[in-house]
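What follows is one structure encoded as structure tokens, with my remarks underneath.
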Amino acid sequence: MPAGKIVSIYTRATSFGLGFTSLQDTYLSPETYRGWEARFSRETLHQTKLMGGKIWQQTYFQGNFGYTDNRAENNKTATALANWNYGWYYCQPLSQSFDLLLGGAADLNGGFTYNMRNGNNPVSLRAHASIDASVMALWNLQLNHRPLLIRYQASLPLMGLMFMPHYGQSYYEIFSIGERGGTVKFTTPFSSPSLRQMLSADYPVGKFTLRLTYVWDAQQAHINQIKSHIYSHIFMIGVVKRFQIL
């Protein structure tokens, strides 16, 4: 960062993507379902003035919709999820072109999976809040005399709370009768071993800066005798806007 007045730098990006997903939720079925997923994301990464510009703040929202089949191709599921992260990071420059950011984030998740053939329990609700450890690595490079920014980010939930019915328990019993005991559980990396990774490249094309992103998202849990996972491989394209505030 140049000497003199510290500026506050904002990076905002909006991206859309498609990819592949694998889903299992034994509350609905012991089968694993595979299919496609569409995803939208909106991110603001803010280099603050705190500690000489070493403190960064990130807000990240994503919503996704998945449509999957079982192996016999005689049943389908539809899944809609939303995820919001709010994190703070300490930036440690390791060279003129490489920055390492370490921090943590609040992570909120919600949504549902609908099984199209189930009768008694066709829907599985999803609600999870956690505190994540997160790391970012930024490489500022050049390609054809233009800036190329490569970024890797990984987030690991450390502890949180998750809503999960007991195996075989209906939502009528939970919400109408009031049998809610044990349906909100404390989570750790042992009961909910999850990891979200992103690799992106920002490059100016004409008047715009494009972002290409690969997302590998693995969300898992084994709670109340119910196993669930959603594994996603998503390729996204977006537009980036950067600006400074003195």
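With the simple spin-label model, which puts each label point 7 Å out from Cα in the Cβ direction, the LEU210 to THR188 separation comes to 4.7 nm.
Can you list the lysines whose alpha carbon sits under 16 Å from that of LYS54, skipping same-chain ones fewer than 8 residues off? Candidates past the 8-residue exclusion: LYS5. The value of relative contact order for the chain, using C-alpha pairs under 8 Å at least six residues apart, is 20 percent. Stretched out straight at 0.36 nm per residue, the stretch from VAL239 to MET159 would grow longer than its current Cα-Cα span by 25.5 nm. Close amide H contacts of LEU148 (hydrogens built in the peptide plane, cut-off under 5 Å, sequence separation of 5 or more or a different chain): LEU141, GLN142, LEU143. Straight-line reach from LYS76: which aspartates and glutamates have Cα under 16 Å away, leaving out those fewer than 8 places along the same chain? Correct list for LYS76: ASP25, GLU31, GLU37. Straight-line reach from LYS185: taking Cα to Cα under 19 Å and skipping same-chain neighbours fewer than 8 places apart, the lysines in range are LYS227.
In sequence order, the range 190-205 has phi-based couplings of 7, 8, 9, x, 10, 7, 10, 10, 9, 10, 10, 9, 10, 8, x, 10 Hz under the Karplus curve 6.51 cos²θ - 1.76 cosθ + 1.60, θ = phi - 60°, and Gly or Pro positions carry x.
Every read-out reported here was derived from the displayed coordinates using simple, explicitly stated rules and does not represent laboratory data. Computed from a prediction, not measured in an experiment: that's the story for all the values here. When we count neighbours, we look across all protein chains shown, and the Cβ atoms used for this are built from the backbone with ideal geometry, even at glycine.
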